[in-house]
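Heads up, the thing below is written out as structure tokens.
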Amino acid sequence: MVDTLIVGAGTAGCLLAARLSERPEHRVHVVEAGPVWSDVRAVPSEVLRADVMPIGPESPWVWRYPARLADAGPDSGSRDVDAELVRGRLLGGSGAVNGGYFVRAIAEDFAAWSAAVGGSALWSPDAVFPVYRQIERDLDFGAAPGHGDDGPVPVRRTSNPAPAGLEFAAAAAAAGFPEIPDLNAPPESLPRIGFGPVPCNVEDGVLVGTGPACLLPVAGRPNLTVAGAITVTRIRFRGDRAVGVEFVARGRAGVLDADRVVVCAGAVESAALLLRSGIGDPTRLRELGIPVVAPAPVGEWFTDHPEIGVEYRRAGIARGTGVPVEYVLHHDAIEIRPYAFGFGADPDTHRVGVALMRPRAAGRLRLVSADPTAPPRLEHRYLSSASDRDALRAGVALAADLIAAIPGARLSPGWRGRVEDRALYADLATSQHLSGTCRMGAADDERAVVDERCRVRGVRGVSVVDLSVAPVALSRGPQATVMMLAQQVANHFAA
Ligand SMILES: Cc1cc2nc3c(=O)[nH]c(=O)nc-3n(C[C@H](O)[C@H](O)[C@H](O)COP(=O)(O)OP(=O)(O)OC[C@H]3O[C@@H](n4cnc5c(N)ncnc54)[C@H](O)[C@@H]3O)c2cc1C
């Protein structure tokens, strides 16, 4: 029997496994649905390359989910918007297939996070920024105040940005926006408005997620085992006490016993696993024939960053050879991302993404079946809030003005001036940052699933440690914060 069974060797799971197995007497077993490798030299090159996101239609490394991003709005030109979500299904999880953007969330996010957990001292700005420092080895600012230079994860800003990003940055500077050289600067010296190069967990062209950075270096520990191609289908309980899991591996079912189960399966699968295990809305669970273990609002609230893609023509500039997003512009709750390369076949078509980072709209995840192979139903409800639409329209108008100022750039006329709602629907996408399906919250918070230490309320021996637990929308991309979260839970695991 193991002490801690970790479900999912993803961004959070790899870091947590490495930290919890530091104590030789604590036996940790990690199970991952996708492939795992025991040496970084065995990891396929397309997984390691920072300039490739291996998520295309043929990719064997991802989960895929249909999602309804938005229902048609009041404007007659708008329509339902459906999309496919992807999530990493391999050692390192989504962090092994992502864009390498590694930016800390901001102090206001943690003031709200801490308040959501009854003023918890674990998640206040003062508590979390030192924890980001523990993770990073910042190759540009490691010696500067508020930074780390000996953590496992390398962080670097591009020294050779692609022309598309450079031209956009020049337009932002000409429009009066200040440059922010360090988007991970400590909160007291970080401007909220401005543009700057994106810190990335990339070293020598290699994307360094928590698989290579945290888990593989310690994979030889005798008290740590990691097994791939094992999909956990249900948590087993005796009364309200977790005693292990059921799984399927290469078509065969089995069980694993554990003293404690820590679910690190990501915001979609962690919620789906809790629901299949009987933690959720009792009425809906019974409708699906799932015995109820504990009532909880699993999946009833999630958030994600909607993104509107604004395309323009600009001939004669080279495609980027680094990460997809090398510069960003922050303006209020909007993040503008000039992509370093286009997404289509035409090399002269470029895209700028306009993302709303603190949307009001809340999405919903529900099981449609107790069958573990049936994907859950995801409804983002993007654009359902008038203030979200207003903020996105303003962000798109700003992006369009900046693009129009780039010499040689040709924007379609519909993007200038007043942006219609129907344009938002036509070019709506998602940033793939779904979070909050198993929210952290105070004991009297009816939306909360886990407590401040990520323990699932109403049962014993189960925690969720991944992006599922974020109780607020984060003002920046989530990857760095997922690592900080796992590190902070590990710091306080035995306490
Ligand atoms: C394509 C893409 C690009 C992105 N780009 C960026 C970016 O550049 N910057 C940024 O900040 N964020 C980015 N994100 C978001 C970020 O990568 C994720 O939010 C973050 O990695 C989530 O970490 P996690 O630990 O919550 O889950 P994950 O890293 O997804 O880990 C979950 C793991 O659990 C495994 N698992 C799931 N269910 C089971 C089961 N039942 N049994 C066993 N194992 C299971 C999965 O296979 C996976 O390995 C991106 C996301 C995607 C999908």
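The values are calculated or read from the model by the stated rules, or taken from the named source; none is laboratory data. If you're wondering where the values come from, they're calculated on a predicted model, not measured in any experiment. Positions of Cβ are backbone-derived with ideal geometry, glycine not excepted, and every protein chain shown enters the neighbour counts. Just so you know, the surface numbers come from the protein's heavy atoms only, side chains and all, with ligands and any DNA or RNA stripped out. Shrake-Rupley method; radii C 1.70, N 1.55, O 1.52, S 1.80 Å.
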Determine how large the accessible area of Leu402 is when every protein chain is in place; take a 1.4 Å probe and give Å² rounded to the nearest 10.
10 Å²
Hey, rough spin-label estimate for Glu108 and Asp371, points 7 angstrom out along Cα→Cβ, what's it come to in nanometres?
4.6 nm
Please state the equivalent ellipsoid semi-axes for the stretch 2-491: what are the square roots of 5 times the Cα gyration tensor eigenvalues, largest first, in whole Å?
36, 26, 21
Taking Cα atoms, the helix 125-135 axis meets the longest principal axis of the chain at an angle in degrees (rounded to 10) of 90 degrees
Which one of Ser384, Ser59, Leu402 is farthest out on the positive end of the charge dipole of the stretch 2-491, using unit charges on Cβ (Lys, Arg +1; Asp, Glu -1) and the Cα centre as origin?
Ser59
With the 1.4 Å probe rolled over protein heavy atoms, the stretch 2-491 has an accessible area per residue in Å² of 38 Å²
Between the stretch 186-223 and the stretch 32-109, the Cα center-to-center distance that results, in Å:
17 Å
With axes computed from alpha carbons, what is the tilt in degrees of helix 386-404 against the longest principal axis of the chain, rounded to the nearest 10 within 0 to 90?
50 degrees
What helix-only [θ] at 222 nm does the chain give? Using -39500 (n - 2.57) per DSSP H run of at least 4, over all residues, to the nearest 500, the answer is -6000 deg cm²/dmol
Heavy-atom accessible area of the stretch 2-491 with neighbours in place, 1.4 angstrom probe: carbon+sulfur share in percent works out to 51 percent
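Counting Lys and Arg as +1 and Asp and Glu as -1, each charge on the Cβ, what is the dipole of the stretch 401-495 about the Cα centre in debye, to the nearest 20?
160 debye
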Treating only the Cβ of Lys, Arg, Asp and Glu as charged (+1, +1, -1, -1), what charge dipole size does the stretch 1-123 show about its Cα centre? Round to the nearest 20 debye.
320 debye
Accessible surface of Arg64 - all protein chains present, 1.4 Å probe, nearest 10 Å²:
70 Å²
Could you please report the charge total around His147, scoring K, R as +1 and D, E as -1 over all other residues with beta-carbon less than 13 angstrom from its beta-carbon?
-1
Relative to the present Cα-Cα distance, how much length would full extension add between Ala426 and Asp257 at 0.36 nm per residue of separation?
55.9 nm
Residues whose modelled amide H sits under 5 Å from the amide H of Gly151, counting only those 5 or more places away in sequence or on another chain, are Glu136, Arg137, Asp138
So for the pair Arg447, Arg241, with labels modelled 7 Å out along Cα→Cβ, what separation do we get in nm?
3.5 nm
With a cut-off of 13 Å, note down the residues of the stretch 303-338 whose backbone N falls inside the zone around a label point 7 Å from the Cα of Ala175 toward its beta carbon.
310, 328-332, 334-338
Stokes-Einstein diffusion coefficient for the stretch 301-350 at 20 °C in a medium of 1.002 mPa s, Rh from the Kirkwood formula over Cα pairs: what value in µm²/s?
170 µm²/s
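Label the stretch 451-495 by shape, choosing from rounded, prolate and oblate, from the square roots a ≥ b ≥ c of the eigenvalues of the Cα gyration tensor; if a/c is under 1.5 it is rounded, and otherwise prolate applies when a/b is larger than b/c, oblate when it is not.
oblate
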Approximate spin-label separation Asp75-Ala115, in nm, with each point projected 7 Å along Cα-to-Cβ
3.1 nm
Order of exposure, largest accessible area first, which applies to Glu420, Glu287 with probe 1.4 Å
Glu287, Glu420
So the angle from the long Cα axis of helix 479-491 to the longest Cα principal axis of the chain, reported in degrees to the nearest 10, equals 30 degrees
Shape call for the stretch 1-122, from the Cα gyration tensor axes a ≥ b ≥ c (a/c under 1.5 means rounded, otherwise prolate when a/b beats b/c, else oblate), comes out oblate
FRET efficiency estimate (nearest 0.05) - Cβ-Cβ, Arg460 to Asp332, R0 41 angstrom:
0.45
In debye, nearest 20, what is the charge dipole magnitude of the chain about its Cα centre with +1 on Lys and Arg Cβ and -1 on Asp and Glu Cβ, if you could check?
1040 debye
For the stretch 365-415, report the convex hull volume of the alpha-carbon atoms normalised per residue, in Å³, without decimals.
129 Å³
Listed residues Val450, Ser277, Leu485: farthest to the positive end of the dipole of the stretch 2-491 (Cβ charges):
Ser277
What FRET efficiency do you get for Ala345 and Ser38 if R0 is 25 Å and r is their Cβ-Cβ distance, rounded to the nearest 0.05?
0.05
Relative contact order computed over the chain (Cα-Cα under 8 Å; 6+ residues apart), in percent:
22 percent
Cβ-derived FRET efficiency at R0 25 Å, Glu46 paired with Ala315, nearest 0.05
0.25
